[in-house]
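Structure first, commentary second.
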Amino acid sequence: MLRASLREVSAALKEGHVTPTELCQRCLALIKSTKFVNAYITVVEETALKQAEESEKRYRTGQPLGVLDGIPIAVKDNFSTAGIETTCASEMLKGYIPPYSATVVQKLLDQGAVLLGKTNLDEFAMGSGSTDGVFGPVRNPWSYSRQYKEKSVPKSHPEDEDSNWVIAGGSSGGSAAAVSSFTCFAALGSDTGGSTRNPAAHCGVVGLKPTYGLISRHGLIPLVNSMDVPGILTRCVDDAAVVLGSLAGHDPKDSTTIQDNFKPFELPNLIDVSKLSIGIPKEYHAPGLSSEILALWSKAADLFKNAGANVIEVSLPHTHYSIVCYHVLCTAEVASNMARFDGLEYGHRSDMNKSTESMYAATRREGFNDVVRGRILSGNYFLLKQNYENYFVKAQKVRRLIANDFMKVFRSGVDILLTPTTLSDAVPYIEFIKEDNRTRSAQDDILTQAANMAGLPAISVPTALSERGLPIGLQFIGRSFQENQLLTVARWFEKQVKFPMIELEEVKRHDHGVFQHQKSASFS
Amino acid sequence: MVAAVRGCGGVWRRVWQCGAGGSASLGQCAAASSARGAVAPAGKSGLAPWVPVVGLEIHAQISSNSKLFSGSQVQFAAPPNSVVSFFDASLPGTLPAGYQITQQRVPIAVNGTLSYSLCTDHKMSQMVTKTVRIKQIQLEQDSGKSLHDDSRSQTLVDLNRAGVGLMEVVMEPDMCCGKEAAAAVRELQLILQTLGSSHAVMAEGQLRVDANVSVHHPGEPYGVRTEVKNINSLRFLAKAVDYEIQRQIEELENGGTILNETRAFDSKLGCTVPMRDKEGKQDYRFMPEPNLPPLILYDTKSLPANINHQQVVNIDRIHERLPDLPSVKRAKLVEQYGILPEHSFTLLNEDGLTEFFESVVKRTQMKPKKVIGWILNDLLSYLNQHSLTVKESPVNSSMLADLLNLLEKKEISSTAAKQVLGELWKGEGKTPLEIVKEKKLELIQDQEALEQICQAVIDGQKNEVMAIKAGNHKVLNKLIGLVQRKTQGRSNPVLVKQLLEKKLLD
């Protein structure tokens, strides 16, 4: 049951095969037994059970609020949640309990979803491994899967197991790991340069980055305002469409959300891709791309070709410059976005009381990690009067060229772009931390951040396991606000590749126990 | 004020200096020396006289119910931190908050001018009109207030003001003394108040004026300028500018140099002092604000068809609905009532005085030209003496109109009218007529009685009568005065004159 999709479990709730409270309890139990994954920063057992109880009442009276009613979900800890500590995995916000909820969180709660807790991330979402947060790294659940253990852990050295665990990707690694380890049915992430798609690919789940402006950012603690979007992590494409439908729409508290009404959609069962034109951008054959991912990518292209689609190589010539420009624009926005953390209104305040200025300085030195401080400093450097034209303005201009590249390709008749999501499968933590955050982010965001620069919708779909038994995801990039078409193609692809389910001992134990407990129920 | 309006292509954010906005910390300063005038003296060195150059940066709080981007109320003197929303405190995740938003590169208006007038003598009779160019007007957010307690190294922060809309008016350095600066700001203040776009009360911080001051010799480039802050009244503005001009001249005359610095005006000591925490050039690290889509201003020509008129700003429509600006109001007053131009300035300068004047004119048969004398000489000087505003005046416009009507209908003399006014100031709620009755101030309407009094005066002044009869008609005035004294001012001097003439000259 815990391994079911959101839509399946929603149907089970409706049929009465399981109650919201039972479902919530099971998820909470699994969170406890998979604590070593470190997916959650905060688990709100009490309020979750209360929400489940409310949901149960609604089901009993035959008045559920919709598909999401009673569904256990998790939210990345950079979304503001009323009454629930929101830390951004930073010393700066430890103990900060916001008085309001992000629009997306409120929307989920209003539709009856049960919030289990807040998930781990890189501090202030700055990173690509979910290794740079104050609560420690997230461990990829696949590190503990039968598939990975069989292929990668030498049987003779079981003591190596602990050093062999691989990263979850980031920065929404906690949300991806939570969905992947079956502790919740959907999770919110955020995606500024790939932070939802990257961990989705590494953890073998679906990661959707919607079009910029489709979903409200109010309450999402910003990294880069012009690129941030709330991301959606689910077990399958259908579920992503359900969650998207419940979140999209104009929000007066975010002036960049579009005014047009968003119509939630269901994906068709029978999909014809023969009339589609799929573009393969040659620049995404980037240095460092692993040969098995390259092979998988080309196999995927063949799938479409064989189904009658028009598959063509296209060029996005400014792709090479994207990551450098992304770095400049990202740090520039970080410089001003982080200015509010001064220890006055909320969050950490240093004991330093020599002067107000020294209190500010000490608060920020103590509250932020090296990565955050580094980005603040570079951003302020790029924004200095004498550097502004050379860095910030130039990066903005190149950003326009990158967006134009996509526009040209789509205008030429291409419907969807197919690319890898990551250069390789997840690397072991001990390998990952050999490089610094800046280098890692530059490598790991290389295939994903251009979609953020252009504001386009993109989705990572789990495709196959690598030779090491780890997930590999491929990415589809669509036209602005054409999520329906994007998800339809992604769903067709998902059906073709039949990505294997993660086999985790802990989950088996739990689902087993559950089934024993539920012997009389007819659902299986 | 004329200003070219442009579509504004977007807003800019700048990184806050940590904590709330700037504040002054005043040190000790030497007391001001000799008396200082506005006119710059010739240099001791025998060079051409110094030319002072004054430019102004004015921040006017926009009068609105809510702050610029949040629903919090705008309220002066509210308890500290009582009108602060989540947004104003820039809680994590609120957009767009945590930095100051300003229209740095695309201000809402550019290339304007402001005409203002000032008198060149002390009698308020010589007015000259001058013009200052307005470089730009930009909208931005106000900062919070911080109060430093240096002795305890503490800072107290009040965020009530944080996020209130401001317009920054940048005036080119077209002025040359404190008086001009004060007159220009006064005109701007009147315009803002007429439009209702700002209460513009300096004492309440709704209008903050920073003055850029430098001096140079004619024909030479402008000197190094200083910025003078912490000025909270027009009087202090004039004082601060003149002090700073003089200070710079003396500094340069003594072989010193002027630093490009920010100085604060100390109103108690009447001088400017360097400001502690604004030294050096600030780099605000501006960047475009991506959270706010551009606001596009249209005129009737550029307005796209089939667009909801409620949702767009059409500046032509706004222009049509603008009230008369002060300069137009003054011209209308002069034309309609035949008053002197300088009187129209005085009327507009006092809040509510024009309305008071017009209301009196409406209710009385007295000519406006005469009414204005009562308004300016009697009402205004009384109010000034007692530091009252027009609204606080114990005599309202209908009371004054009643009084002037009694005078106009010759029921009382002007001497008596002044006496009645003196009673009215006491604010005891009596009408002018009641006071006239009570004090028996009405003119003697009984001609026979008056004739008898005149006769008695003639009978008592043999010498004067002889002089008059001998042709010295001036002496008649003395007799008129005596009749007035005898009647305690209750006789109509014109009538008395007629009666005396009849008796003595016929």
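Per-structure values
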| read-out | value |
| --- | --- |
| Residue among B:ILE296, B:VAL328, B:GLN206 farthest towards the positive dipole end of the protein assembly as shown, charges placed on Cβ | B:VAL328 |
| Net dipole in debye of the range B:353-506 [+1 Lys, Arg Cβ; -1 Asp, Glu Cβ; about Cα centre; nearest 20] | 420 |
| Under 18 Å from B:LYS67, Cα to Cα: lysines that are on another chain or at least 8 residues apart | A:LYS253, B:LYS145 |
| Sparse-neighbour loop sites [trypsin sites (Lys or Arg not before Pro); the range A:273-336; at most 12 other C-beta within 10 Å; DSSP] | A:LYS275 |
| 5 angstrom amide H check on B:ALA264, placed H, neighbours 5+ away | B:LYS229, B:VAL273, B:MET275 |
| Burial of 50 Å² or greater, the range B:75-104 residues [accessible area, probe 1.4 Å, versus chain by itself] | B:PHE86, B:LEU91, B:PRO92, B:GLY93, B:LEU95 |
| Reachable lysines from A:LYS299, criterion Cα separation under 17 angstrom, eight or more residues apart if same chain | A:LYS282, A:LYS495, A:LYS498 |
| Loss of accessible area when A meets B, both sides summed, Å² nearest 100, probe 1.4 Å | 2900 |
| nm² value of the averaged projected area, convex hull over the Cα atoms of chain B | 35.3 |
| Per-residue mean of C-beta atoms belonging to partner chains within 10 Å, peptide A:343-349 | 4 |
| Given charges at beta-carbon only (K, R positive; D, E negative), |dipole| of the range A:310-389 in Debye | 220 |
| The range B:176-256: chymotrypsin sites (Phe, Trp or Tyr not before Pro) in DSSP loop, at most 14 other beta carbons within 10 Å | B:TYR222 |
| P(r) histogram, all alpha-carbon pairs of the range B:452-506 included - 10 Å bins from 0, percent | 26, 63, 12 |
| Dimensions in Å of the range B:394-490 - Rg and Dmax from alpha carbons | 16.7, 52 |
| Relative contact order of the range B:368-506, defined on C-alpha pairs under 8 angstrom at six or more residues apart (%) | 21 |
| Orientation-averaged projected area, Cα convex hull of the range A:407-454 (nm²) | 4.1 |
| All aspartates and glutamates inside 12 Å of B:LYS367 as judged from Cα atoms, apart from same-chain residues fewer than 8 positions distant | B:GLU358, B:GLU408 |
| Cross-link pairs A:LYS149/A:LYS508; B:LYS369/B:LYS486; B:LYS179/B:LYS229; B:LYS410/B:LYS503; B:LYS478/B:LYS502; B:LYS440/B:LYS478 - those with Cα-Cα distance over 27 Å | B:LYS369/B:LYS486 |
| Cβ-based net charge around A:LEU208, under 11 Å, with every Lys or Arg adding one and every Asp or Glu removing one | -1 |
| Chain A - charge dipole about Cα centre, Lys and Arg +1 at Cβ, Asp and Glu -1, debye rounded to 20 | 660 |
| Bins of 10 Å, starting at 0 and running to the largest distance - Cα pair percent for chain A | 4, 20, 31, 27, 14, 4, 0, 0 |
| GluC sites (Glu not before Pro) lying in DSSP loop within the range B:332-416, provided at most 13 other Cβ fall within 10 Å | B:GLU392 |
| Rounded FRET efficiency, nearest 0.05, which uses the C-beta distance separating A:ARG373 from B:ALA305 and R0 of 60 Å | 0.70 |
| Helical mean residue ellipticity (222 nm; -39500 (n - 2.57) per DSSP H run of 4+; nearest 500) of chain A | -12000 deg cm²/dmol |
| Accessible surface of the protein assembly as shown, 1.4 Å probe, proportion on carbon and sulfur as whole % | 52 |
| Equivalent ellipsoid, the range B:75-146 (semi-axes from 5 times Cα gyration tensor eigenvalues, Å) | 40, 20, 7 |
| Approximate spin-label separation B:ASP351-B:LYS426, in nm, with each point projected 7 Å along Cα-to-Cβ | 3.1 |
| Dipole of chain A, positive direction: furthest Cα of A:GLY194, A:ASN484, A:GLY343, with charges on the beta-carbon | A:ASN484 |
| Taking the convex hull of Cα positions in the protein assembly as shown, its mean projected area over all directions (nm²) | 58.9 |
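The values are calculated or read from the model by the stated rules, or taken from the named source; none is laboratory data. Here the structure is a predicted model, which is why all the values come from computation and not from measurement. Note that we place each Cβ from the backbone using ideal geometry, even for glycine, and neighbour counts take in every protein chain shown. Surface areas here come from the heavy atoms of the whole protein model, side chains and all, with no ligands, DNA or RNA. Shrake-Rupley method; radii C 1.70, N 1.55, O 1.52, S 1.80 Å.
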